[in-house]
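One structure is given below, encoded as structure tokens.
Read the figures in this text as sums done on the coordinates, not as results from a lab. Note that the structure is a prediction, hence the values are computed from the model and not measured. Counting neighbours? That spans all protein chains shown, and the Cβs are built from the backbone with ideal geometry, glycine included.
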Amino acid sequence: MNFKNLFQKRNEIADGHFNEFRSKIGFTNESDEHIFAKRETICNACPLKNGNSCDTQRWIDPLTLEVSKMPREGYIRGCGCRLSAKQKSKYSSCPAGFWGGEFE
């Protein structure tokens, strides 16, 4: 991973945790909360969700939602992120393309 990607990931993580904190104390605006809630609904329905994380031991076909325990062509690996924070990062997106880009 190059330095640009490393710093981008750091910014995504920090933004997610900061917005998660702001959300808990009621300092986010209504439109942001609406998007965060939609993201949470999508993740809650995803078969890769394992507790509060996206399972790195499974892969999903974004078109059919078929899940595999091994890498397969066209399948996307779970990102491993703590979902309650990632869903609240304005800079993050689901690696399978289920959400992201709403704030661009």
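Brief remarks follow.
- Choice from F18, F36, F27 with maximal GNM fluctuation in the chain (Cα, 10 Å cutoff): F27
- The chain, relative contact order [Cα under 8 Å, separation at least 6], %: 30
- Separation of alpha-carbon centers, segment 1-35 and segment 62-94, rounded to whole Å: 17
- Helix 30-45 and the longest principal axis of the Cα set of the chain meet at an angle near 20°.
- Summed residue charge, Cβ within 15 Å of A96's Cβ, Lys/Arg positive, Asp/Glu negative: +2
- Largest GNM mean-square fluctuation across N44, N29, N11, computed for the chain with C-alpha springs under 10 Å, falls on N29.
- In order along segment 81-96, phi translates into HN-Hα couplings of 6, 6, 5, 4, 8, 4, 4, 9, 8, 5, 9, 8, 8, 6, x, 8 Hz, rounded to whole numbers, per the Karplus curve 6.51 cos²θ - 1.76 cosθ + 1.60 with θ = phi - 60° and x for Gly and Pro.
- Summing charges over neighbours of C54, with a neighbour being any other residue whose Cβ is under 13 Å away from its Cβ, gives +4 when K and R count +1 and D and E count -1.
- Diagonalising the gyration tensor over the Cα atoms of the chain and scaling each eigenvalue by 5 before taking the square root yields semi-axes of 24, 16, 12 Å, largest first.
- Amide H contacts under 5 Å for S53: L83, restricted to partners 5 or more places along the chain or on a different chain, H placed in the peptide plane at 1.01 Å from N.
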